[in-house]
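Asker: Can you read through this structure? Questions will come right after.
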Amino acid sequence: MSSPRSKALTAFLALAVAAAALTACAPATENGEGAAPAADDGAFPVTVEHAYGETEISEQPQRVVTVGYTEQDTLWALGIEPVGVTEWYGGYDFASWPWADEARGDSEPEVLGTSDGLDFEAIALLDPDLIIGTNAGMTEEDFDRLSDIAPTIAHSGDYSMYFEPWDVQTLQIGKAVGRTEDAQKLVDDIDAQFAEAAEAHPEFAGASVVFLQNAIYDGAAIAYQDGLSTDFLTDLGFSIPSEIDAYAPEDESGGQAYIPVENLDVLNAADVLIWGTESDDDITALEGEPFVAAIEAMKRGSVVYTDGVTAGAIYFTSPLSLPYVIDALVPALADAIAGNGPARTAE
C-alpha cells in the first residue's frame with residue numbers, strides 16, 4: 001500500500017515519473033570539460049571508500065556524471081559543474097529545482113533518464129572521468145559496469161543504499177572531487193543555520209510533530225518515523241512521537257508508518273502536523289477526509305501544508321535544498337505551533 005512517493009523514497013524502482021529525454025546540451029566550457037574550481041592542495045591522488053570497496057582517483061576530475069537522484073545539488077554547492085545528471089522527479093530543466101538554479105548558474109548538463117534503470121550507454125557517451133552514485137541504489141553489478149567506464153563512487157554502505165545522511169554524502173563527494181574543506185564548510189554552515197533557527201524558536205523544543213505524505217493512499221496516511229527523513233525537524237528541536245511506530249511494517253526500510261484512516265487518532269500525540277502537499281487539490285482532498293478532519297491538530301489549526309517546491313526540498317535533503325527548507329518551513333511551523341494555522345508555505 002505504498003504511494004508513488006513512498007516507493008520513490010525507499011526503492012526508486014517503482015517511481016512513476018516520466019523519464020527525462022537526453023538533451024543535446026552545449027558543453028559547460030569551450031573545451032567540453034565540466035567546470036571545476038581548483039582542488040585542495042594535495043587532494044590527489046585520493047582513495048574513497050564505499051560499500052563496494054575503494055576507488056582511487058588519480059587527478060582532479062573534469063567530467064563528472066551523477067547517476068543518483070540528488071548528488072547534482074552537492075556538486076553545484078561545491079562549485080562543480082557535472083556534465084551529466086540524473087532526473088528524479090519534478091521535470092525541471094537540467095534536473096535543477098528552484099533552490100539549485102543559482103548555484104547551477106549557466107551550466108547545462110545532459111540529463112539521464114532512469115525509467116529502465118541506469119543507462120550505461122548514455123553514461124559512457126558522456127566520457128566521464130568520475131561517476132558519482134552515493135544516492136543511486138547502486139548494486140555491486142551496477143558498480144562493476146560503471147567502473148569499466150570511469151572511476152565510480154557508490155554509497156558508503158553504512159546506511160540505506162538509496163538514501164544516506166546528506167552530510168555523509170557531502171563529505172564523501174567532496175573528497176572525491178578534491179573539495180574536502182569546502183564540503184566540511186557546507187556541512188558546518190547548514191548545521192549552524194538549523195541551530196540558529198532552533199534558538200530563535202524555543203517553542204519548538206520538545207514539541208512533537210509528524211510529517212506525512214501529501215494524500216491518503218489505499219486507505220492509509222503515510223507518516224515518517226524518527227530518522228533520516230525527519231532529521232530536519234529534530235534539528236529544529238522537535239520530537240517525533242513514537243506512537244506512529246506501531247504502524248510501520250516489519251520489512252519497511254524507509255522509516256515510514258502506514259496508518260489506516262480509522263486509526264488516525266494516533267496522530268493526536270502530535271502537537272503539529274506537516275502534510276507534504278503539492279497542490280490545492282491535495283489540501284482539499286485531505287480536509288474532505290472525515291478521519292483527517294477529526295485529528296486534534298487539524299481542529300486547532302496546528303497544521304502546515306507545503307507547496308510542491310518545499311515538499312521537494314524536504315525529500316531532496318541536500319546542501320542546497322535544506323536552507324530552502326529552513327526559510328520556507330520555519331515561519332509556517334511557528335504559526336502552526338501557535339495554533340494560527342492552517343499554515344501554508346509558498347513557492
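The values are calculated or read from the model by the stated rules, or taken from the named source; none is laboratory data. Predicted model, so just to flag it, every value in this text is computed and none were measured. Note that we place each Cβ from the backbone using ideal geometry, even for glycine, and neighbour counts take in every protein chain shown.
Per-residue answers, yes or no, for (1) within 22 Å of Ile314 (Cβ to Cβ); (2) in contact (Cβ under 8 Å) with a residue 24 or more places away in the chain:
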{"position": "Glu140", "(1), (2)": "no, yes"}
{"position": "Leu146", "(1), (2)": "no, yes"}
{"position": "Ala154", "(1), (2)": "no, yes"}
{"position": "Tyr162", "(1), (2)": "yes, yes"}
{"position": "Lys175", "(1), (2)": "no, yes"}
{"position": "Gly178", "(1), (2)": "no, yes"}
{"position": "Glu181", "(1), (2)": "no, yes"}
{"position": "Leu186", "(1), (2)": "yes, yes"}
{"position": "Asp189", "(1), (2)": "yes, no"}
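Asker: A further question on this structure: For Asp167, work out the one condition from (1) surrounded by fewer than 19 Cβ atoms within 10 Å (Cβ to Cβ); (2) part of a helix (DSSP H, G or I); (3) assigned by TED's automatic domain parsing to the domain that holds Asp119 it doesn't fulfil.
Answerer: Condition not satisfied by Asp167: (1).
Asker: If you don't mind, another one. Inspect all residues belonging to segment 264-280 and state whether any of them is more than 18 Å from the chain's Cα centre (by Cα), outside any helix (DSSP H, G or I) and surrounded by fewer than 15 Cβ atoms within 10 Å (Cβ to Cβ).
Answerer: Going residue by residue through segment 264-280, those that are more than 18 Å from the chain's Cα centre (by Cα) are 264-273, 279-280.
Pick out the ones that are also outside any helix (DSSP H, G or I) and you get 270-273, 279.
If we keep only those that are surrounded by fewer than 15 Cβ atoms within 10 Å (Cβ to Cβ) as well, we get 279.
Yes, because at least one residue in segment 264-280 is more than 18 Å from the chain's Cα centre (by Cα), outside any helix (DSSP H, G or I) and surrounded by fewer than 15 Cβ atoms within 10 Å (Cβ to Cβ).
Asker: Quick check: is even one residue across segment 262-277 of a type outside the set (Val, Ile, Thr), more than 21 Å from Met298 (Cβ to Cβ) and modelled with pLDDT of 95 or more? Please lay out each step first, then the result.
Answerer: To start, the set of residues in segment 262-277 that are of a type outside the set (Val, Ile, Thr) comprises 262-265, 267-271, 273, 275-276.
Remaining after also requiring more than 21 Å from Met298 (Cβ to Cβ): none.
For segment 262-277, residues of a type outside the set (Val, Ile, Thr), more than 21 Å from Met298 (Cβ to Cβ) and modelled with pLDDT of 95 or more: absent.
Asker: Still on this structure, I have one more. Restricting to segment 201-211, what's the tally of residues that are assigned to a helix (DSSP H, G or I) and under 25 Å from the mean Cα position of the chain (by Cα)? Full working, then the answer.
Answerer: Let us first name the residues in segment 201-211 that are assigned to a helix (DSSP H, G or I), namely 202-204.
Filter once more, so that each one left must be under 25 Å from the mean Cα position of the chain (by Cα): 204.
Number satisfying all stated conditions: 1.
Asker: Further, regarding this structure: Taking Gly301, is it on the phi > 0 side of the Ramachandran plot and in contact (Cβ under 8 Å) with a residue 40 or more places away in the chain?
Answerer: Numbers: on the phi > 0 side of the Ramachandran plot: yes; in contact (Cβ under 8 Å) with a residue 40 or more places away in the chain: yes.
Yes, satisfied.
Asker: Take Ala195 and tell me if it is at pLDDT 95 or above and assigned by TED's automatic domain parsing to the domain that holds Ile295. Even if it seems obvious, please write down each step before you answer.
Answerer: On the way: at pLDDT 95 or above: yes; assigned by TED's automatic domain parsing to the domain that holds Ile295: no.
When the stated conditions are applied, Ala195 does not pass them.
Asker: With the requirement that a residue be in a loop (DSSP other than H, G, I, E, B), under 30 Å from Ala200 (Cβ atoms) and not aliphatic (A, V, I, L, M), what does segment 235-263 give you?
Answerer: Start the filter on segment 235-263 by keeping residues that are in a loop (DSSP other than H, G, I, E, B), which leaves 235-238, 240-241, 248-255.
Next cut, under 30 Å from Ala200 (Cβ atoms) only: 235-238, 240-241, 255.
Selection gives Asp235, Gly237, Phe238, Pro241, Gly255.
Asker: Would you say Tyr69 is within 19 Å of Gln172 (Cβ to Cβ) and in contact (Cβ under 8 Å) with a residue 60 or more places away in the chain? Write out each step before concluding.
Answerer: Numbers: within 19 Å of Gln172 (Cβ to Cβ): yes; in contact (Cβ under 8 Å) with a residue 60 or more places away in the chain: yes.
Answer is yes for this residue.
Asker: Free of Cβ contacts under 8 Å to residues at least 40 places away in the same chain and surrounded by fewer than 19 Cβ atoms within 10 Å (Cβ to Cβ): does that describe Asp251?
Answerer: Details: free of Cβ contacts under 8 Å to residues at least 40 places away in the same chain: yes; surrounded by fewer than 19 Cβ atoms within 10 Å (Cβ to Cβ): yes.
Yes.
Asker: Let me ask something else about it. All but one of (1) assigned by TED's automatic domain parsing to the domain that holds Asp245; (2) more than 19 Å from Asp271 (Cβ to Cβ); (3) over 19 Å from the mean Cα position of the chain (by Cα) hold for Asn214; which doesn't?
Answerer: (3)
Asker: Looking only at segment 281-326, how many residues end up being assigned to a helix (DSSP H, G or I) and either among the hydroxyl-bearing types (Ser, Thr, Tyr) or not assigned by TED's automatic domain parsing to the domain that holds Asn214 (or both)? Working first, answer last.
Answerer: Just the residues of segment 281-326 that are assigned to a helix (DSSP H, G or I), to begin with: 281-287, 290-293, 296-299, 308-316, 321-326.
Those still in the list that are either among the hydroxyl-bearing types (Ser, Thr, Tyr) or not assigned by TED's automatic domain parsing to the domain that holds Asn214 (or both) too: 284, 310, 315, 321, 324.
Counting residues in segment 281-326 that are assigned to a helix (DSSP H, G or I) and either among the hydroxyl-bearing types (Ser, Thr, Tyr) or not assigned by TED's automatic domain parsing to the domain that holds Asn214 (or both) gives 5.
The rows are residues; the columns are (1) of a type in the set (A, V, I, L, M); (2) more than 25 Å from Asp182 (Cα to Cα).
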| position | (1), (2) |
| --- | --- |
| Gly79 | no, no |
| Gly84 | no, no |
| Arg104 | no, no |
| Ser107 | no, no |
| Ser115 | no, yes |
| Leu118 | yes, yes |
| Glu121 | no, yes |
| Leu130 | yes, no |
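Asker: Continuing with this model, one more query. Do we find that Glu203 is over 25 Å from Leu333 (Cα atoms), out of contact with any Pro (no Cβ under 7 Å at 6 or more places or on another chain), surrounded by fewer than 16 Cβ atoms within 10 Å (Cβ to Cβ) and touching a residue at least 60 places away in the same chain (Cβ under 8 Å) in this structure?
Answerer: Values: over 25 Å from Leu333 (Cα atoms): no; out of contact with any Pro (no Cβ under 7 Å at 6 or more places or on another chain): yes; surrounded by fewer than 16 Cβ atoms within 10 Å (Cβ to Cβ): yes; touching a residue at least 60 places away in the same chain (Cβ under 8 Å): yes.
Considered against the rule, which asks whether it is over 25 Å from Leu333 (Cα atoms), out of contact with any Pro (no Cβ under 7 Å at 6 or more places or on another chain), surrounded by fewer than 16 Cβ atoms within 10 Å (Cβ to Cβ) and touching a residue at least 60 places away in the same chain (Cβ under 8 Å), Glu203 comes out as no.
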